[in-house]
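Here the structure comes first, spelled out in structure tokens, and everything after it is commentary.
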Amino acid sequence: QVKQQIAIATAQELLTKISEKCFKKCIIKPSSSLDSSEQKCIAMCMDRYMDSWNLVSKTYSSRLQKESMR
Amino acid sequence: QVKQQIAIATAQELLTKISEKCFKKCIIKPSSSLDSSEQKCIAMCMDRYMDSWNLVSKTYSSRLQKESMR
Amino acid sequence: QVKQQIAIATAQELLTKISEKCFKKCIIKPSSSLDSSEQKCIAMCMDRYMDSWNLVSKTYSSRLQKESMR
Amino acid sequence: PQLQQFLQIETQKQRFQGLVHGLTDQCWDICMEKPSSRLDSKTEHCISNCVDRFIDTSNFVVNRLEKTQQFASSSELDD
Amino acid sequence: PQLQQFLQIETQKQRFQGLVHGLTDQCWDICMEKPSSRLDSKTEHCISNCVDRFIDTSNFVVNRLEKTQQFASSSELDD
Amino acid sequence: PQLQQFLQIETQKQRFQGLVHGLTDQCWDICMEKPSSRLDSKTEHCISNCVDRFIDTSNFVVNRLEKTQQFASSSELDD
């Protein structure tokens, strides 16, 4: 249950961050609808944000491992 | 009591935000006192921030209503 | 114990802020290592941040005292 | 059950107001230039569009995550 | 009552330090350009003015809210 | 003791993920220009360097504090 709660918290935090960051990157001037180029930008932005999250996670954990071996 | 606590929390959060945002908008270079043009700017900024808060609240709740009807 | 917890919380918050602020000030383009000019910058930045923290603390508490005397 | 329902409603209100604070913060930075003596219609439109597009963005992100199920694979990392 | 008083004082200290952290963060961004080997007097003045003007701003906002009672009308929204 | 250990590990995981969220946020702002159809190698290098240099910075700050013991004197303020 604790495990699940953390997984849910991580997912929600990730969702919130993606919405914030991609809104900032892709919607420069909010207009009356989300046009197709904005949608395309959000889709790419979202994939890149998750790539970055995974890369940060990998880099950070390999660093922690290196430091614990010293 | 819970109701009141939330009202107080909302008011405090609003006050903190207004101070932060209007300090940023109106006090470019902090000097030895708050001059009258800075005070005028803070007064207007504060009213506009509350207008914005009310508008966001209205827009958001009408959106929630629209989505719940689908 | 409560006292100690607060001291620890303050120290940790200070450490986190210093890392964030000095990383921003001193590492413009992250490269493959922390070079000596970046280290020198971080060292000065850190000392200035603590000076600032102490100055803010002093200014704020003397202001509080003045206001409580009114 | 009445107390429970009351607390549930109050919690929802609190969540709603948290979101209103966050959206006002964000849309203020995007839409407000120099504060003037009233909220002009340009700023007003900008703010209500900003709220609606932000919700569109969130919905788009959630829907796309559910569709591609990248979500599932990304949350597997926790193990 | 001693324990209660002790906890109350510690809570106040914590609130005080929370505000010091927030003000240092904000005034650092406004006043500090390139960190140098000591805190020069220009930056020092800027920081202490920044703290005092921020408190002035907060006080001004609170007083004006109380005066115009817009506060009351804005918090009626919660119902 | 098993439950305790389990909770300890989960708390560590949570702390780890909190740091990953924070670092992704910060390094994204530094490294990502316009999101494109894949993570190019320049952005990839920038992000992993950003994470490593941030940890270097934190370690440097902690070590230097311990050495100069300014830490001790700055936390004496609490009294």
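Table for the structure above
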{"quantity": "Tabulated pairs, segment D:47-62, first more than 7 Å from chain A (Cβ to nearest Cβ), second among the charged types (D, E, K, R) and in a helix (DSSP H, G or I), C-beta under 6 angstrom, 6+ apart or interchain", "calculated": "D:I55/B:R63"}
{"quantity": "Per-region count, segment F:1-27, residues farther than 20 Å from A:Q65 by Cα and in contact (Cβ under 8 Å) with a residue 12 or more places away in the chain", "calculated": "2"}
{"quantity": "Members of segment E:61-79 that are surrounded by fewer than 19 Cβ atoms within 10 Å (Cβ to Cβ) and at pLDDT 85 or above", "calculated": "E:V62, E:N63, E:R64"}
{"quantity": "Residue tally, condition more than 7 Å from chain F (Cβ to nearest Cβ) and crowded, with 20+ Cβ neighbours inside 10 Å, over segment C:26-40", "calculated": "2"}
{"quantity": "Qualifying residue in segment A:35-50 (condition: assigned to a helix (DSSP H, G or I), of a type in the set (S, T, Y), within 16 Å of the chain's Cα centre (by Cα) and within 25 Å of F:E33 (Cα to Cα))", "calculated": "yes"}
{"quantity": "Test set (1) of a type outside the set (V, I, T); (2) within 16 Å of the chain's Cα centre (by Cα); (3) closer than 21 Å to D:C46 by Cα - B:Q12 fails condition number", "calculated": "(3)"}
{"quantity": "Evaluation of A:Y60 against (1) within 8 Å of the chain's Cα centre (by Cα); (2) among the hydroxyl-bearing types (S, T, Y); (3) farther than 21 Å from D:I30 by Cβ (one fails), failing number", "calculated": "(1)"}
{"quantity": "Filter result (within 8 Å of another protein chain (Cβ to nearest Cβ) and over 10 Å from A:Y60 (Cβ atoms)) within segment F:5-16", "calculated": "F:F6, F:L7, F:E10, F:K13, F:Q14"}
{"quantity": "Selection count, segment A:48-70, where residues are among the hydroxyl-bearing types (S, T, Y), over 16 Å from F:L19 (Cβ atoms) and surrounded by fewer than 19 Cβ atoms within 10 Å (Cβ to Cβ)", "calculated": "0"}
{"quantity": "Members of segment F:26-37 found to be at the interface with chain A (Cβ under 7 Å from one of its Cβ atoms) and surrounded by 17 or more Cβ atoms within 10 Å (Cβ to Cβ), listed by number", "calculated": "F:C27, F:W28, F:M32, F:P35"}
{"quantity": "Where a residue in segment C:10-24 is without any contact (Cβ under 8 Å) to a residue 12 or more places away in the chain and facing chain F (nearest Cβ under 7 Å) and its partner, wherever it lies, is of a type in the set (D, E) and assigned to a helix (DSSP H, G or I), with Cβ under 8 Å and at least six apart", "calculated": "C:T10/F:D78"}
{"quantity": "Filter result for F:K42 (within 8 Å of another protein chain (Cβ to nearest Cβ) and either basic (K, R) or exposed (fewer than 12 other Cβ atoms within 10 Å of the Cβ) (or both))", "calculated": "no"}
{"quantity": "Count - residues of segment A:25-57 that are under 25 Å from F:C46 (Cα atoms) and without any contact (Cβ under 8 Å) to a residue 24 or more places away in the chain", "calculated": "17"}
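The values are calculated or read from the model by the stated rules, or taken from the named source; none is laboratory data. Being a predicted model, the structure only gives us computed values, none of them experimental. With ideal geometry, Cβ positions are generated from the backbone for all residues, glycine too; neighbour counts draw on all protein chains shown.
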